[in-house]
Amino acid sequence: MRHLARLADYCSITNMHTKNLAIVWAPNLLRSKQIESACFSGTAAFMEVRIQSVVVEFILNHVDVLFSSKLSSVIRDGAGAYL
């Protein structure tokens, strides 16, 4: 995720903003067996991928906070319930 966030830093050159990166990478990062099954229609699959891309975009926009060593230590010490 940090790598993708760093790629977004070069969006002025690559035109790959966090939103574009999320659209491309979300189906691979958050793969859903339900989407791959035959029971999902095209519209339902599109909506599922859209939700996945929103989640990945959020993660990319907050990668420094979500993957910080400080947050990891708070969660590991059991104080994560108070965040």
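The values are calculated or read from the model by the stated rules, or taken from the named source; none is laboratory data. Here the structure is a predicted model, which means the values were calculated and not measured. Cβ atoms come from the backbone with ideal geometry, glycine included; neighbour counts cover every protein chain shown. Accessible surface areas use protein heavy atoms only, side chains included; no ligands, DNA or RNA. Shrake-Rupley method; radii C 1.70, N 1.55, O 1.52, S 1.80 Å.
Some values worked out for this structure:
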{"item": "Scan of the range 8-34 for residues that are open to solvent by less than 50 Å² (accessible area, probe 1.4 Å) and either of a type in the set (Asp, Glu) or closer than 14 Å to ILE51 by Cβ (or both), ordered by number", "result": "ALA22, ALA26, PRO27, SER32"}
{"item": "Qualifying residue in the range 39-51 (condition: modelled with pLDDT of 85 or more and out of contact with any Pro (no Cβ under 9 Å at 6 or more places or on another chain))", "result": "yes"}
